[in-house]
Amino acid sequence: MADRAKVLAAIEARLKGKSLSKNFKENIATKWAEKIDTDENIDAYIEDREDILIEASSEADRRATEAATKAKGDTTKKDPDTPPTVPAPEPPKTDDTPAWAKALMQEVQTLKAEKQAQTVQQKVLSDERLKTVPKSYLKGRPLPTSEDEVDSWIEATTTDYKEFAQEMKLQNFGNDTPPSGSGSPTGKVASKAEIEAVGL
């Protein structure tokens, strides 16, 4: 077993200028002293393991830098005089759509609206509730163009027609009995002279 003090001295010589704690060096010197047979083998043993010491030193430097950066960040956050970071406003969006494309989109939307209106109107005209209303009564009457208007429009139309039919007494149309006879309201037959006088 090698002398621990000599092992520690050799480690410190190898790590001169490196940032490793005294506690770390003493611990590793104790472990290595137990594994080294004689003091003459100290330098050779440490030289073979120099990369371990350098790696440990680099890790210590990295942790120290990280801790310092974190401490600095915390100080910045807690400083009341530091104004909050405000993100830059987004530039206003410009409409790059060419005029012809806008016109085309407008035309497509118009066609869609017209097609939808036609579909709604077809649905209205085939509705069972309008069976009692003549087509002639609906002629010229503006039809609904959206689904939301269908029920209220049909209800209003059937009510209007019912009132109209009652007012005009449409249920009596065609029920009048024509006068019977030979075509003369009085039943008197005209003479040949009378007919010639009229020019018939």
query = What is the extension gain from F164 to E147, computed as 0.36 nm multiplied by their sequence separation minus the C-alpha to C-alpha distance, in nm to one decimal?
reply = 3.5 nm
inquiry  = Considering only protein heavy atoms and a probe of 1.4 Å, how much of the accessible area of the range 1-70 is carbon and sulfur, as a whole percent?
reply    = 48 percent
remark   = Other residues with Cβ under 15 Å from the Cβ of K6 give, with Lys and Arg +1 and Asp and Glu -1, a net charge of -4
ask   = Among residues other than P142 whose Cβ falls under 14 Å from its Cβ, what is the net charge (Lys/Arg +1, Asp/Glu -1)?
value = 0
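The values are calculated or read from the model by the stated rules, or taken from the named source; none is laboratory data. Keep in mind it's a predicted model, so treat the numbers as computed, not measured. When we count neighbours, we look across all protein chains shown, and the Cβ atoms used for this are built from the backbone with ideal geometry, even at glycine. When the accessible area is computed, the model is the full protein with side chains, heavy atoms only, and any ligands, DNA or RNA have been set aside. Shrake-Rupley method; radii C 1.70, N 1.55, O 1.52, S 1.80 Å.
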